[in-house]
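What follows is a set of notes on a single structure, which appears directly below.
Nothing in this text is a laboratory measurement; each read-out follows from the coordinates by a stated rule. Being a predicted model, the structure only gives us computed values, none of them experimental. Every residue, glycine as well, gets a Cβ built from its backbone with ideal geometry; the counts of neighbours run over all protein chains shown.
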Amino acid sequence: MSLPTNHRTSHSKSRGLKKPLVCPYCQYSFPLTWRQYWAAPLGGYRCSQCGKVSHVKANSLWVWTTIITGVMVSGITSFTLALYIFNNLWIGTLFFLIGGFGVGILIDQWMDGHLRHLEPR
Ligand SMILES: [Zn+2]
């Protein structure tokens with residue numbers, strides 16, 4: 001179980017493939033944490049280096065398509081499973097909302113941390 005790429009990851013503090021956000025003012029890069037994500041419901045992030053607020057670039061259509069598709073697929077899957085297990089339409093609807101929102105937030109947070117760029121406000 002010894003991988004030849006170990007020397008690359010041992011020096012890096014960032015885990016996995018997570019790319020940091022880059023501040024457009026001072027070029028300081030910082031990782032997007034869940035805490036920052038929740039503190040910025042409208043997509044505004046405060047740079048921990050210079051303190052200026054920047055916001056994520058407007059989403060393109062395919063980003064929204066991906067999010068909506070993910071929400072629908074996971075929502076309908078949760079709904080069908082809950083309906084099958086509990087045989088109750090209300091519990092099914094509840095699962096639809098939980099599954100849909102859960103996946104929607106996960107995709108949205110991932111997009112913010114990986115694909116979107118910060119721009120000055
Ligand atoms: Zn900055």
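Pull up all non-local amide H partners of Tyr45: gap of 5 or more, or a different chain, and H-to-H distance under 5 Å with H placed in the peptide plane.
Those qualifying (amide H under 5 Å, at least 5 residues apart or on another chain) are Ser54, His55, Val56.
With a 10 Å Cβ neighbour count serving as the proxy for reagent exposure, in which order, fewest first, do Tyr84, Tyr25, Tyr45 appear?
Values: Tyr84 9, Tyr25 15, Tyr45 20.
Neighbour counts put them in this order, fewest first: Tyr84, Tyr25, Tyr45.
With θ set to phi - 60°, apply the Karplus curve 6.51 cos²θ - 1.76 cosθ + 1.60 along region 72-88 and write out the HN-Hα couplings as whole Hz, x wherever there is a Gly or Pro.
Rounded to whole hertz, the list is 5, 4, 6, x, 5, 4, 4, 4, 5, 4, 5, 5, 5, 6, 9, 6, 9.
Diagonalise the Cα gyration tensor of region 21-120 and give the resulting equivalent ellipsoid semi-axes, square root of 5 times each eigenvalue, largest first, whole Å. Working shown, then result.
Numbers: eigenvalues 241, 33, 14 Å².
Computed over region 21-120, the values are 35, 13, 8 Å.
Can you run phi through the Karplus equation (6.51, -1.76, 1.60; θ = phi - 60°) for region 107-116 and list ³J(HN,Hα) in whole Hz, with x for Gly and Pro?
5, 4, 5, 5, 4, 4, x, 10, 10, 8
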